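What follows is one structure encoded as structure tokens, with my remarks underneath.
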Number of protein chains: 2
Amino acid sequence: MADDGPLKMADVARLAKVSMSTVSRALADNPLIPEDRRREIQRIAAEAGYVINQSARSLRMRKTQTIGVVFPLGHDVGQLISDPFFIEMFGRLADEITTRGYQVLLCRVTDTSDGWLNRIIQSHRQDGLVIVGQSDQHAALNQAAESYHPLVVWGGHLSGQVYCSVGTDNIGGARRAVDHLLGLGRKRIAFLGMLELPEISLRYEGYVRALRAAGIEQDPALVIPAHFSFETAYEAARELIESGTAFDAIFATSDIIALAAIQALAAAGIDVPGQVSVVGFDDIAIAAQSTPPLTSVQQDLAKGAKTIVDLLFKRMAGEDAPSATLLPKLVVRKSCGGASAA
Amino acid sequence: MADDGPLKMADVARLAKVSMSTVSRALADNPLIPEDRRREIQRIAAEAGYVINQSARSLRMRKTQTIGVVFPLGHDVGQLISDPFFIEMFGRLADEITTRGYQVLLCRVTDTSDGWLNRIIQSHRQDGLVIVGQSDQHAALNQAAESYHPLVVWGGHLSGQVYCSVGTDNIGGARRAVDHLLGLGRKRIAFLGMLELPEISLRYEGYVRALRAAGIEQDPALVIPAHFSFETAYEAARELIESGTAFDAIFATSDIIALAAIQALAAAGIDVPGQVSVVGFDDIAIAAQSTPPLTSVQQDLAKGAKTIVDLLFKRMAGEDAPSATLLPKLVVRKSCGGASAA
DNA sequence: TACGCTAACGCAATCGATTGCAAAATCAAG
DNA sequence: CTTGATTTTGCAATCGATTGCGTTAGCGTA
């Protein structure tokens, strides 16, 4: 028994001259074992460098002490973590989760075929799931939520939604952004984003409502499909510019898209905010640092992450936590001609 | 047996009217089972929505299909994911790891007491480990590497190092940065960073060598301790300014420190790059967007992450992969008075 | 029909912990 | 010294898969 790989609990039992049951209970601080003996066994285990094998523990306990964080798919399976918004969200979630003594498992979905979510759930690798962004998987999420409770989604609240979600008020946020542009006297406001995604379609709804309230007729030529990656967004903006369609403002549905648009405008010699005002969405860290600094609809990710994890742990405990909506805030900076941020 | 929780392999065996052994082999595409029968069993399992329980599988196979990514500790156990450099690195690593069909487990070290690394290793939660940044744990890493092979560290190559590491040439990078400042005619160059950290002390080495080569005497008053967080770095820069020590350039050992220094200089009414040139380290995304855009020593994180994961998988396969050093590149932008980036 | 050989398949042990239940030890009181 | 109550401890089953080894089925040949 010299070096038969790492120690097992049985080895510790032998060292302490007790049974495995006793060791197990002692390490779990079970009061069934008298306190002094518990301490003694814990000391022996620590000195021997013994660590509980988590695979075995998980199997027996049907618990993994792990939360899975799943990133979206559907639209863009390529680069996973490139998007700054997702990264920041992931960081916040990781903080909240680890603080509660759980591990974080990053799940990337490579196989989007039917039942992908069920495959993650049934793998039993985690005790609960956070899905960041509902992408185009509303139906799949709804179905999974029927039978799997410890599941919280970051995203907009959609009609007919069964699952628990946390997200900003997309309609309200968009409304606020577009109202601001209108207040600056802008009348031909372009919309950049992918209407197929539920959250984006909500932002579109806000855009439409703002225009309608201002009595401005909506021009379909101003609605441009744009993905989340910088490159494709840049292309989209360039096409808008070259199309010759007149416009004096852009409401971009993400900061990355807004930043790409600003670059495209600069390349075309169009001044921001002189000729065109630009507003983004998310208020990621770079937004304040860009040239000009970007006006953006701020999502409070720290609060969002905390809310998500709070709800998740409630659900893991069997309670039935309801969805939550956070109120977004418009952060005004120079990119739309408003005042600079303090 | 109507709804006794999720299906087990035994249930599938019953459905397919074969033994568990056969189901197990069929799902593993074991050629011992004739191909048509394999397909048949796979179909039955899929239709029943069966998914292998990973805890059980891991226990038996002694494999988890998971790579652990550990973040540093020592200096700053508080906020985990705040630093943009670490975030970006994590994203890249996650991409590389998931692409190879493995999961990513984020390990946060809450208990820094003796044997923390061993505790992670022995938990058997992962098949391999990436440690991002050696912090002040050189000795612990060396010790763990003696017996645990699938371990790769991001960081500088130190003398007497046993573990496998991947990192940029810190001395060379710093040397290049300081040489550039000297080339601009700067003579009193301040150094901002924590000498206690091995990587930083290597950068200091490069700083010293550059000065010596230029025949400039080194002034201890110009070496300022500065942590990685924005706030403490800002404080450090402010103290330098208020100390009255004359200086015409700053070599900051991270971009965050450089950015903080620029803000402190601006607050003191000192023009960058007019009066003081500033160079950073890392070339994080914000560097190009700051005002003025920051000159920085670029670390190619994409390549770094790929190298790390390549080496790790080699080591997991039993090969003995050596450490690697990446060549950094100086990206010149306006913050030091050089030409703007293309 | 009998025999040998290979291809399929299943039995049962195993991975390393946890825990219900019952046995053993301890103690107090009669 | 018994008896009963109570505290400690250990046996053995269990979690759900994988796999070495032995058995059975299937086929060709003599």
What figure, in Å² to the nearest 10, do you get for the accessible area of A:Tyr50 with a 1.4 Å probe and non-protein molecules left out? 30
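Could you compute the net charge surrounding B:Tyr163? Neighbours are other residues with a C-beta less than 15 Å from the C-beta of B:Tyr163; K and R count +1, D and E count -1.
Summing Lys and Arg as +1 and Asp and Glu as -1 gives -2.
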Suppose each label sits 7 Å from its Cα in the direction of the beta carbon; what would the A:Asp29-B:Arg62 distance come out to in nanometres? 3.2
Within the protein assembly as shown, the percent of DSSP beta bridges that are antiparallel, given to the nearest 5, stands at 10
What is the angle, in °, between the Cα long axis of helix B:84-99 and the longest principal axis of the Cα atoms in chain B? Nearest 10 is fine, range 0 to 90. 30
Return the FRET efficiency for the residue pair B:Phe230, B:Lys314: r is the Cβ-Cβ distance, R0 is 41 Å, and the value is rounded to the nearest 0.05. 0.65
Using a label point 7 angstrom from Cα along Cα-to-C-beta, what distances in nm, from shortest up, separate B:Glu40 from the other copies? 6.1
By average Cβ neighbour count within 10 Å, what is the ranking of A:294-300, A:216-222 from highest down? A:294-300, A:216-222
Semi-axes a, b, c in Å (a largest) for the range B:134-293, each sqrt of 5 times a Cα gyration tensor eigenvalue, come to 30, 17, 14
Degrees, to the nearest 10: B:255-267 long Cα axis against longest axis of chain B: 40
Among B:111-121, B:277-287, what's the highest-first ranking by average C-beta atoms within 10 angstrom per residue? B:277-287, B:111-121
What is the helix-to-structure angle for B:35-47, meaning the angle in degrees between its Cα long axis and the longest Cα principal axis of chain B, kept from 0 to 90 and rounded to the nearest 10? 70
Suppose you put the label 7 Å out from Cα in the Cβ direction; list, shortest first and in nm with one decimal, how far B:Glu239 is from each other copy's label. 5.5
How many nm separate the modelled label positions at A:Asp271 and A:Ser159, each set 7 Å beyond the Cα in the direction of the Cβ? 4.5
What does the copy distance list look like for B:Lys63, label position 7 Å along Cα→Cβ, in nm and ordered from shortest? 3.0
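At 1.567 mPa s and 4 °C, plugging the Kirkwood radius over alpha-carbon pairs of the protein assembly as shown into Stokes-Einstein gives what diffusion coefficient in µm²/s?
The estimated diffusion coefficient comes to 47 µm²/s.
Is there a pair in A:Lys334/B:Lys329; B:Lys306/B:Lys334; B:Lys63/B:Lys314 whose C-alpha atoms are over 24 Å apart, and which pairs would that be?
From the list (A:Lys334/B:Lys329; B:Lys306/B:Lys334; B:Lys63/B:Lys314), the Cα-Cα distance tops 24 Å for A:Lys334/B:Lys329; B:Lys306/B:Lys334.
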Given R₀ = 35 Å, what would the calculated FRET efficiency be for B:Thr325 paired with B:Ala285, taking r from the Cβ atoms and rounding to 0.05? 0.90
Test of understanding: in a Gaussian network model of chain B with alpha carbons linked when under 10 Å, which of B:Ala45, B:Ala140, B:Ala267 would top the mean-square fluctuation ranking? B:Ala45
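The values are calculated or read from the model by the stated rules, or taken from the named source; none is laboratory data. What you see is a predicted model; the values in this text were computed from it and never measured. Every residue, glycine among them, receives a Cβ derived from its backbone with ideal geometry; neighbour counts consider all protein chains shown. Surface areas here come from the heavy atoms of the whole protein model, side chains and all, with no ligands, DNA or RNA. Shrake-Rupley method; radii C 1.70, N 1.55, O 1.52, S 1.80 Å.
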